[in-house]
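One structure is given below, encoded as structure tokens.
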Amino acid sequence: MSASATTPVPANRRLAWRRLPARLLLAAIALALSAALLLPHLVVPALVAVAVAIAFFLHQAFRAAPVRRLVPVGMSSAFSVKLTGTSLIVGRLPCCNIAIPLPTVSAHHCRLYQVKSSWYIEDLDSRNGTRVNQKRIGKRRLRVGDRISIGELEFQVQ
């Protein structure tokens, strides 16, 4: 028995194939299709491989859609907020990056911040709380389609 058969694979290497670049996935699809055309007895396995690769590619493309802006629900998209930089403070005071002058919004209500390519929201002990998808949160990762409630306003993450 070889040493590699008994050695466990580290967790960070188990799913390394999921981080493959899109070009490599497309090259694998092209290789599988050309193999199916050149070697007829490999048609079914090659087509299965192509289907799996395409499904995975589409899943990764839609799952990893980057969060780019907050759009107020029920208002014009002209009032949307583009997420830039690494950290934004939302609150009632004019010194906040995103100032919302409403009495239901705390002076420093919440913080939006970026870690690598993901955006997070963190409540800053506000009186009325911060809600994501109607659930009060302390800290949470944002995803496209989430709805953030800050005071009386509601934003959709896009």
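A short reminder: the numbers here are calculations on the coordinates, not readings from a lab. Small disclaimer: the values here were computed from a predicted structure and weren't measured. Quick reminder, even Gly has a Cβ in these numbers, built from the backbone with ideal geometry, and neighbours come from all protein chains shown.
Taking 0.36 nm per residue of sequence separation and removing the Cα-Cα distance, the Arg143/Leu38 pair yields an extension gain of 33.5 nm.
Relative to the current alpha-carbon distance between Arg127 and Ala99, full extension at 0.36 nm per residue lengthens the span by 8.4 nm.
A simple spin-label model places pseudo-atoms 7 Å from Cα toward Cβ; at Glu152 and Met75 they are separated by 1.1 nm.
Multiplying the residue separation of Thr84 and Ala27 by 0.36 nm and removing their Cα-Cα distance gives an extension gain of 17.1 nm. In order along segment 117-131, the Karplus-derived 3J(HN,Hα) couplings, from 6.51 cos²θ - 1.76 cosθ + 1.60 at θ = phi - 60°, round to 9, 9, 9, 10, 10, 9, 6, 9, 6, 6, 5, 8, x, 10, 10 Hz, and Gly and Pro are given as x.
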